[in-house]
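A short worksheet on the structure shown next.
Derivation of every value follows stated rules applied to the coordinates shown; laboratory data play no part. The structure displayed is predicted, hence computed values, not measured ones. We place every Cβ from the backbone using ideal geometry, glycine too, and count neighbours over all the protein chains shown.
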């Protein structure tokens, strides 16, 4: 551990990190600097000691195994909006942990045939296919609920008030 509150990220993410700190108005509380590895070994050989890439690769492979069949199904034909919503929520839920675990290393420091790239391709392709029909489904459900007087909160309040 370097120190509490110290976050080390690959250099190619420094612009995004700076922008995020500014957007969240945390830049007054942070220091951002760039460092270079200088000596005592090949960083590519030490990467696996610094990050558990095997575990991360297992997670990426599980994501691919779980969601690539869904992607193929949607690429071969449109499904129902409700199914789009369910598939979209599953994909987003399973994906959202992975970017936080991935150190974002440059390709030259990653193992050959790194599955993170393929997993990202699957996720972004699913998002492109499912986001619109999933949103349409949610809008339809909300519209149906808004038009159903049995589910209208104001109607319930009036009914409760009439009983008093």
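Quick look at the values:
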| quantity | calculated |
| --- | --- |
| Segment residue 144-residue 49, extension gain: residue separation times 0.36 nm, minus the distance between their alpha carbons | 28.8 nm |
| Sorted by Cβ density within 10 Å, fewest first, the residues 64, 47 | 47, 64 |
| Gain on full stretching of the segment that runs from residue 17 to residue 42 - 0.36 nm per residue minus C-alpha separation | 6.4 nm |
| Extended-chain gain in nm, criterion 0.36 nm per residue less alpha-carbon gap, residue 28 and residue 72 | 11.2 nm |
| Burial ordering of 138, 145, fewest other beta-carbon atoms within 10 Å first | 145, 138 |
